[in-house]
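Structure first, commentary second.
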Amino acid sequence: MNCLEERIVKDGVVKEGNILKVDSFLNHQLDVELFDEMGKEWARRFEGVEINKILTIEASGIGIACVAARHFNAPVVFAKKSHSINLDGEMYTAEVESFTHKNKNMVIVSKKFLNENDKILIIDDFLANGCALQGLISIINQAGATVSGIGIAIEKGFQNGGQIIRNMGYRLESLAIVDEMDAKSGNIIFRK
């Protein structure tokens, strides 16, 4: 069992509706030392792969991506979920549906931060149905850039997102894949 799986067992809470609550270390309170270990592992898994930018989506992916980026010596670009007065110029956009929030958002990345020369590693906290990843992949494709790989902290292996992304031909490296979880017992079974 890796350090992320151990932490999920120790501090994660399984809730009804296939919800895995990891807010004490992953997406509300952030364990930066754990993130650093995760970044090291992604760097090991993607060793030799050309990566010059990391792309994530706000908000939970930002912390993980920033710490991981140190291991790739690459800047982080994040897709915003709302337009603000700070955003100017042309934008790449994609619609994404959130499993957790049960809503759809139009995500936005300024065209000045992605281009056809970029080799991008996508980093995010969770993979459930794959909609957020498909939106980020769409933005990368709009920019004419290359998806060098995808790093996910926790993949819900019992949902179809991982299979969809892998079937699209992308290299997906999830640090913890949950195959089963039970809200009544709190049991979590990870893929070997």
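The values are calculated or read from the model by the stated rules, or taken from the named source; none is laboratory data. In this text, all values refer to a predicted model and were calculated from it rather than measured experimentally. Positions of Cβ are generated from backbone atoms using ideal geometry, with glycine treated the same way; all protein chains shown enter the neighbour counts. Keep in mind that these areas ignore ligands, DNA and RNA; they rest on the heavy atoms of the full protein, side chains included. Shrake-Rupley method; radii C 1.70, N 1.55, O 1.52, S 1.80 Å.
Within the stretch 21-46, count every residue that is touching a residue at least 40 places away in the same chain (Cβ under 8 Å) and among the hydrophobic types (A, V, I, L, M, F, W, C).
The total comes to 5.
Of all residues in the stretch 145-159, at least one satisfies being of a type in the set (G, A, S) and farther than 27 Å from R70 by Cα. Residue check: is H101 modelled with pLDDT of 90 or more and out of contact with any strand residue (DSSP E or B) (no Cβ under 7 Å at 6 or more places or on another chain)? No, not satisfied. Taking the criterion of being open to solvent by less than 50 Å² (accessible area, probe 1.4 Å), farther than 16 Å from K53 by Cα and out of contact with any Phe, Trp or Tyr (no Cβ under 9 Å at 6 or more places or on another chain), the residues of the stretch 131-163 that qualify are G135, G162.
Would you confirm whether or not the stretch 157-169 contains a residue that is at pLDDT below 95 and among the aliphatic types (A, V, I, L, M)? The answer is no; no qualifying residue exists.
Kindly provide the set of residues from the stretch 164-185 that are open to solvent by 40 Å² or more (accessible area, probe 1.4 Å) and of a type outside the set (D, E), ordered by number. Of everything in the stretch 164-185, those that are open to solvent by 40 Å² or more (accessible area, probe 1.4 Å) and of a type outside the set (D, E) turn out to be I164, R166, N167, M168, G169, Y170, R171, K184, S185. Among residues of the stretch 56-68 that are over 21 Å from R45 (Cβ atoms), those with a beta-carbon under 7 Å from a residue that is open to solvent by less than 40 Å² (accessible area, probe 1.4 Å) and among the small types (G, A, S) at least six positions away or on a different chain give the pairs E58/A79.
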